[in-house]
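A short worksheet on the structure shown next.
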Amino acid sequence: MATKLARDVYVIGVGMHRFNNERLASAAMADVAGMQALDDAGIGFPEVGALYNGSLGGGLTSGVGIAKEFGLTGIPVTHVENASATGSCAFGEAVHAVAGGRVDVAMALGFDDMNRMGGLGRSGGRRMGAEDVMLPAAFFAMWATRRMHDVGTTAETFAAIAAKNWNHARANPLAQRRADHEVTIDEVLGSTMISYPHTSMMACAAGGGAAAAIVATREVAERLSSGRPLVRVTASQQRSETYTDGHVFLGAVIGPAQMTRDTAGEAYEQASVGPDDLDLVQVHDAFPVEELVYYELLGICGDGEGDRLVAEGATRLGGRIPFSTDGGLTARGHPGGPTGLAQIHETTLQLRHEAGARQVQRARTGLCHMAGAGSVCVVHILQRTEG
Amino acid sequence: MAAIQVPTDPRLFRLAEGDETRPRLLGSHAPESDLYFWPRRLRCPVTRTPVTDVDLSPEGVLYAWTFLYVPRMGSISFGDTGGYGVGQIDLPEGVRVQAPLLGTTDDWQIGSPMGLTTFPVGRDDDGNDLVTFRFEAVR
């Protein structure tokens, strides 16, 4: 049973370096995101009691090294790595450090460049084995072909989700993929086929970037708010796999889909909210079949009803429950370590009503979901309260 | 004299022996839960009880598949086909296996029978043929 966080926790600052494909230095991007978050919070680094740095490709404890640029204050610095969910886990660690009373202010920072990494699906110089074949594109493509078989989902539905996220990113200056025109379903379908039925415009944008968030107690948040609405973290849940029928132990990029349903269920219980209370959602949309399945696993609609949500436009900006409002992994980008923190960045802006052209009207409650290879699932729920 | 075939990873599968026509994946069976697993486990992940080594059935049914438009898989080139298939195959023991597929997209139908086979991926330092496993449609 999910219990309430022992102390109330609030997001007091966020920062982000634009996601990109320019092979910029990760340390420099991390510095930009971290300093922005400190400025946004209105504090200096000496007020931070603990730092959780997330990176997949930075190397051994690179997160600890990067912290030195912010100041040698002697605080505990922890390097976090949990595949695509790295940034979400770093944020979760910061939340629990404050909730558990370890510190009053904690910072989570993610930085990476996916283009510089080896890892999943890349055999490198190793002796060839069949376990090496499962590129994420292939793994999620098999989710897609099975869904097409079971539910009758069409490639056009997958393309519609991807086009939606490309178009959301047009209003996000920090997104990696910013089309200069309205992206159409036909355009997505016509891009290069990479793993049937997925085309290149359906695949997440792998690149570089950095993002940061600072969390604190209610007392600190109120002291710093200056009348700005507060953003409270009402749920922070993380799970690993449980056994399911058809469990794949070798080569599965992420574990059973049930993991998302279980993690979200615990998050809803912890926050005392349900799917109908959500105003916006960010998910691990590495491929559009994921976003489609997560509509159902997060309880936004019933099983097999996700296609109808797409057809109705319910999950686009202006719809009933917008998903991936900043472009998602599809178009905002997926550098690795910072991806989950970019979701926190976006949701915080939305709940403060500072998201500009992509603002969800009257947004009060947002959910952030990430899945990571290995595998793990992380769900956070953030809610607006008046300062 | 024909070169000796050697599995790339003898912890995962073995070659056909005696009258067998297909190789075998090497799995585990947990008597208490009556669950089977692949690859082998140290103990049952559900009941934490002991497991025994078993050879799994060499045939199953296709659960899902895709064709990956990538010309190489590790050291193997697929330049002639432009890529390769991968699938998830459900074995009768309740084990789902991910593996490359032999054939073309016309050969793969969800729910159709598939059989385990091997294919060469190179040679080891002793000159033996290294083989790994994949599934093919059973006709």
Using +1 at the Cβ of each Lys and Arg and -1 at the Cβ of each Asp and Glu in chain A, identify which of A:Q270, A:V248, A:G58 lies farthest towards the dipole's positive end.
A:G58
Lys, Arg +1 and Asp, Glu -1 on Cβ, resulting dipole of chain A about Cα centre, debye, nearest 20
520 debye
Apply the a/c threshold of 1.5 to the C-alpha gyration tensor of region A:216-296 and tell me whether it is rounded, prolate or oblate.
prolate
Compute the accessible area per residue over the protein assembly as shown, keeping the other protein chains in place, probe 1.4 Å, unit Å².
39 Å²
Which residues, if any, in region B:42-72 have at least 40 Å² less accessible area in the whole protein complex than in the isolated chain, probe 1.4 Å?
B:Y63, B:W65, B:T66, B:L68, B:Y69
For the pairing of chain B with chain A, what total accessible surface becomes buried, with a 1.4 angstrom probe, in square angstrom to the nearest 100?
2800 Å²
So how exposed is A:T385, as accessible area in Å² (1.4 Å probe, rounded to 10)?
40 Å²
When the convex hull of the C-alpha atoms of region A:263-358 is computed, what volume per residue in Å³ does it have?
107 Å³
Taking only the alpha-carbon atoms of region A:340-387, what semi-axes of the equivalent ellipsoid follow from 5 times the gyration tensor eigenvalues under a square root, in whole Å, largest first?
24, 11, 8
What share of all Cα pairs of region A:302-387, in percent, falls into each consecutive 5 Å distance bin?
3, 13, 22, 23, 20, 13, 5, 1, 0
Only Cα pairs under 8 Å and at least 6 apart count here; give the relative contact order of chain A as a rounded whole percent.
27 percent
Per q in 0.09, 0.11, 0.14, 0.21 1/Å, what log10 I(q)/I(0) does a Debye calculation on the alpha-carbon atoms of region B:5-137 return?
-0.29, -0.43, -0.69, -1.25
Whole-Hz Karplus ³J(HN,Hα) for region B:104-112, in order, using 6.51 cos²θ - 1.76 cosθ + 1.60 and θ = phi - 60°, x for Gly and Pro?
10, 4, 5, 7, 10, 10, 4, x, 7
Most fluctuating of B:R123, B:R48, B:R22 in the GNM of chain B (C-alpha, under 10 Å) is B:R48
In a GNM of chain A with a 10 Å cut-off on Cα contacts, which of A:D150, A:D245, A:D40 has the highest mean-square fluctuation?
A:D245
Can you quote the Å³ per residue value for the convex hull of the Cα atoms in region A:19-98, rounded to an integer?
99 Å³
May I ask which residue of B:C44, B:G87, B:T105 lies farthest towards the positive end of the charge dipole of region B:5-137, with charges of +1 (Lys, Arg) and -1 (Asp, Glu) on Cβ and the Cα centre as origin?
B:C44
Local charge sum around B:G85 (other residues, Cβ-Cβ under 12 Å, Lys/Arg +1, Asp/Glu -1)?
-2
Given the C-alpha centroids of region A:139-188 and region A:68-102, what is the distance between them in whole angstrom?
33 Å
GNM top mover of A:L341, A:L24, A:L174 - chain A, alpha-carbon springs below 10 Å:
A:L24
How big is D for chain A, in µm² s⁻¹ as a whole number, if Stokes-Einstein is applied with the Kirkwood radius of its Cα pairs at 20 °C and 1.002 mPa s?
105 µm²/s
If each part is reduced to its alpha-carbon centroid, region B:1-49 and region A:292-352 end up apart, in Å, by 41 Å
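The values are calculated or read from the model by the stated rules, or taken from the named source; none is laboratory data. Small disclaimer: the values here were computed from a predicted structure and weren't measured. Every residue, glycine as well, gets a Cβ built from its backbone with ideal geometry; the counts of neighbours run over all protein chains shown. We work out accessible area using only protein heavy atoms, side chains counted, and drop any ligands, DNA or RNA first. Shrake-Rupley method; radii C 1.70, N 1.55, O 1.52, S 1.80 Å.
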